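Everything below concerns the one structure shown next.
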Amino acid sequence: MQRPPSEDFALKETKPHLGGGRISGDKLTSTYDLVEQMQYLYVRVVKAKDLPAKDVTGSCDPYVEVRLGNYRGATRHFEKKTNPEWNQVFAFSKDRIQATVLEVIVKDKDVVKDDLIGRVSFDLNEVPKRVPPDSPLAPQWYRLEDHRANKARGELMLAVWMGTQADEAFPEAWHSDAATISGADSLSNIRSKVYLSPKLWYLRVNVIEAQDLIPSDKGRYPEVYVKAILGNQALRTRVSPSRSINPMWNEDLMFVASEPFEEPLILSVEDRIAPNKDEVLGRCAIHLQYVHRRYDHKPVNTSWHNLEKHVTVEGEKKKEIKFASRIHMRICLEGGYHVLDESTHYSSDLRPTAKPLWKSSIGVLEVGILNAQGLMPMKTKDGRGTTDAYCVAKYGQKWVRTRTIIDSFTPKWNEQYTWEVFDPCTVITIGVFDNCHLHGGEKARDARIGKVRIRLSTLETDRVYTHSYPLLVLHPNGVKKMGEIHMAVRFTCSSLLNMMHMYSQPLLPKMHYIHPLTVSQLDSLRHQATQIVSMRLSRAEPPLRNEVVEYMLDVGSHMWSMRRSKANFFRIMNVLSGIIAVGKWFDQICNWKNPITTVLIHILFIILVMYPELILPTIFLYLFLIGVWYYRWRPRHPPHMDTRLSHADSAHPDELDEEFDTFPTSRPSDIVRMRYDRLRSIAGRIQTVVGDLATQGERLQSLLSWRDPRATALFVLFCLIAAIILYVTPFQVVALLTGFYVLRHPRFRHKLPSVPLNFFRRLPARTDCML
């Protein structure tokens, strides 16, 4: 596979004209200052009154058409109403205005041809300008005129002004660049919106015991377990080891619940009669709004719940209340945990669920989404490629979605958003998508164009970062650059002391450490949390669809990938390379490759042995000097997606095809067999390395285990002699002799392994006991 040039994937620093040029050093002076100003002509059509009847029936079906050059926007029409109210805003980009007169025309909807009721004209040179935070311009009544400029019957209430995208009317306005889109649903799909993730809780159900169960077959020992269902989540306990009508479990089941708590927790006690046949011994429903909420590690009171048994009589379910079995449980909503819906490696929020446990914010994150350049065509329309791009940004519980720019490979959004920051060691994710729901097509999926992650701890406070980030997407045929997104980012710290204090605090809330969850539990709970967030946001208007949420939350990142495994291996090797380099340098010192350096090391070694109190200060001073030296080469730009680190630019096509395979696999059996054999060969090497590590550990254990009596006897005797010698010999003398022995000249060395190493390698391991 051809390797793409790396400069295409580089981060580029830019100098846009932010905030209309109102810049003072690195700090900007406006509330909407991280974007380039875009001028718009706004027309607010409020209402009309005293409209004349135009139909034969004597009725009037009015609507308003706003006309500016070739652009035309229209309000909805009302049937048989002479005093309609629209309260609708139209926005025309100043860059695309090619006329000097704005016409606002009131028409009567008709079957054949719409009739003119009247019009109002405005000279664009006379339109006033409005700059927020000025109050909105008050609409005024205008007398309608006919096509001959004579006064017509009826009046129209309007407001016309020039403004920017900072205007509060901007998000809900009809935009001239979306003139080709029709229909209320399609128009709502292109508007900018702010979403909030649902508030998620961990629900802990501790099933203790049940009493007085009544199985149908009383001649056998029941095999009883408890099944719990909450929405789409279903968990069950193990079969009770006490096979009786009073079984015990004392087992925890963990669920993810979201506010508002609409669905109850359904518990059923079941008896396994046969391998595929279970009998329900009783059920109970628990409504979560009445469940105790725990904010700390204090124990929760237990409670007994009656089990209702249902019997089927002539196809209908009826309650049998002859005798009530009971179940003993401890149920609580855990407010001290953070419900993980993202990977902990790039999480945007680490606060506990319970708001009383939140600490005060440490600053504000501001992001200006400026524009994109060089986007690829994502779909075909009328025989040509086109892209309808929008951005989604996610930080904490707040999601934002920009408006969709229709049919443009260089869309300009210039929208600015703000988030509160509670922890600097968090990550904001910005994704770019192609809107596939503008012309119907409910089953279409919004295509991903790329995403960017920015870690806040890598940003300097109060500095504005303006960069163009590459949008990279991994396809089955390799990594592909889909374009670039241009953003301005600023992290403002409100309290430097609080931010520095955060570095001493645990990353997650304390309940994660007092009562930790297992890795499998966290994996399952994260999957459930992402499903709940995805489902809830897809029900918003306009919806933030499943494919968008899953891409932003990086669902599926835990799946096997040969490419990602290679990348992680080389990351480990890169970390160990420093230790390896120090080992090579010390080997050169020991072998006197540079005699002057070796002599200096001898002198330093003698000083440290004679004055051991200087050892730790010397180490920390050395680290301080290294840190100060590297300050000159500190990173000046935020990190971005690295194709070399990810091994995305050198992955084999078959490895990528395997990464994009479904689970379970959908590939032919011969390809699956080949991949299985390859995985076996890799696992064989890993198995060998793990076995070698185990062998070295077992040799250490065998020093005192008397598995080899002669070797253990030699080692015990050596320990006794060493203890006597070290007791009577000063420590400095022992340290000096050891150091001189290690650093001795090569003419006093042998190429054969040393005696201690020979002795260690001869110790027995348990390898010979394995089949």
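The values are calculated or read from the model by the stated rules, or taken from the named source; none is laboratory data. From a predicted model like this one, the values you see are computed outputs, not experimental measurements. No Cβ is skipped: glycine too gets one built from the backbone with ideal geometry, and neighbour counts run over all protein chains shown. With ligands, DNA and RNA removed, areas are computed over all heavy atoms of the protein, side chains included. Shrake-Rupley method; radii C 1.70, N 1.55, O 1.52, S 1.80 Å.
Hey, any hits in the stretch 182-189 for a residue that's open to solvent by 20 Å² or more (accessible area, probe 1.4 Å), under 29 Å from Gln289 (Cβ atoms) and under 30 Å from the mean Cα position of the chain (by Cα)? Within the stretch 182-189, not a single residue is open to solvent by 20 Å² or more (accessible area, probe 1.4 Å), under 29 Å from Gln289 (Cβ atoms) and under 30 Å from the mean Cα position of the chain (by Cα). Within the stretch 380-415, the residues that satisfy the criterion of being within 24 Å of the chain's Cα centre (by Cα) and open to solvent by 20 Å² or more (accessible area, probe 1.4 Å) are Gln397, Lys398. Screening the candidates Thr688, Thr662 for the property of being loosely packed, with under 12 Cβ neighbours inside 10 Å and in a loop (DSSP other than H, G, I, E, B) yields one hit, Thr662.
Report yes if some residue within the stretch 599-620 is under 30 Å from the mean Cα position of the chain (by Cα), part of a helix (DSSP H, G or I) and surrounded by 10 or more Cβ atoms within 10 Å (Cβ to Cβ); otherwise report no. No, the stretch 599-620 contains no residue that is under 30 Å from the mean Cα position of the chain (by Cα), part of a helix (DSSP H, G or I) and surrounded by 10 or more Cβ atoms within 10 Å (Cβ to Cβ).
Residues in the stretch 442-467 that are among the basic types (Lys, Arg) and either open to solvent by 40 Å² or more (accessible area, probe 1.4 Å) or part of a loop (DSSP other than H, G, I, E, B) (or both): Lys443, Arg445, Arg448, Arg453, Arg455, Arg463. Of the set (1) surrounded by 14 or more Cβ atoms within 10 Å (Cβ to Cβ); (2) at pLDDT below 90; (3) over 27 Å from Gly368 (Cβ atoms), all apply to Pro543 but (3). If the condition is being open to solvent by 60 Å² or more (accessible area, probe 1.4 Å) and either over 18 Å from Tyr40 (Cα atoms) or touching a His at 6+ places or on another chain (Cβ under 8 Å) (or both), then the stretch 122-164 contributes Gln140, Trp141, Tyr142, Arg143, Glu145, His147, Arg148, Ala149, Asn150, Lys151, Arg153.
Within the stretch 208-222, at least one residue is at pLDDT below 90 and among the small types (Gly, Ala, Ser).
Yes or no, residue by residue, for (1) outside the structural domain of Ala651 (by the TED database); (2) in contact (Cβ under 8 Å) with a residue 12 or more places away in the chain; (3) at negative phi:
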| residue | (1), (2), (3) |
| --- | --- |
| Leu508 | yes, yes, yes |
| Gln531 | yes, yes, yes |
| Leu544 | yes, yes, yes |
| Ile589 | no, yes, yes |
| Thr597 | no, no, yes |
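Meeting the requirement of 2 or more residues that are within 30 Å of Leu34 (Cα to Cα) and of a type in the set (Val, Ile, Thr), the strands (runs of 3 or more DSSP E) wholly within the stretch 68-173 are 151-164. Within the stretch 695-732, the set of residues being assigned to a helix (DSSP H, G or I) and polar (S, T, N, Q) comprises Thr695, Gln696, Gln701, Thr712, Gln732.
When Pro668, Pro635 are checked against the criterion of being loosely packed, with under 13 Cβ neighbours inside 10 Å and in contact (Cβ under 8 Å) with a residue 24 or more places away in the chain, a single residue qualifies: Pro635.
For the stretch 522-540, filtered to residues that are charged (D, E, K, R) and in a helix (DSSP H, G or I), the residue that is nearest to the chain's Cα centre (by Cα) is Arg526.
When both residues are 6+ apart or on different chains and their Cβ atoms are under 8 Å apart, which pairs have a first residue that lies in the stretch 707-733 and is within 12 Å of Phe759 (Cβ to Cβ) and open to solvent by 60 Å² or more (accessible area, probe 1.4 Å), and a second that is in a helix (DSSP H, G or I) and not β-branched (Val, Ile, Thr)? Filtered contacts from the stretch 707-733: Leu714/Phe759. Being under 30 Å from Thr418 (Cβ atoms) and either under 19 Å from the mean Cα position of the chain (by Cα) or open to solvent by 80 Å² or more (accessible area, probe 1.4 Å) (or both) is a condition met by at least one residue of the stretch 556-571.
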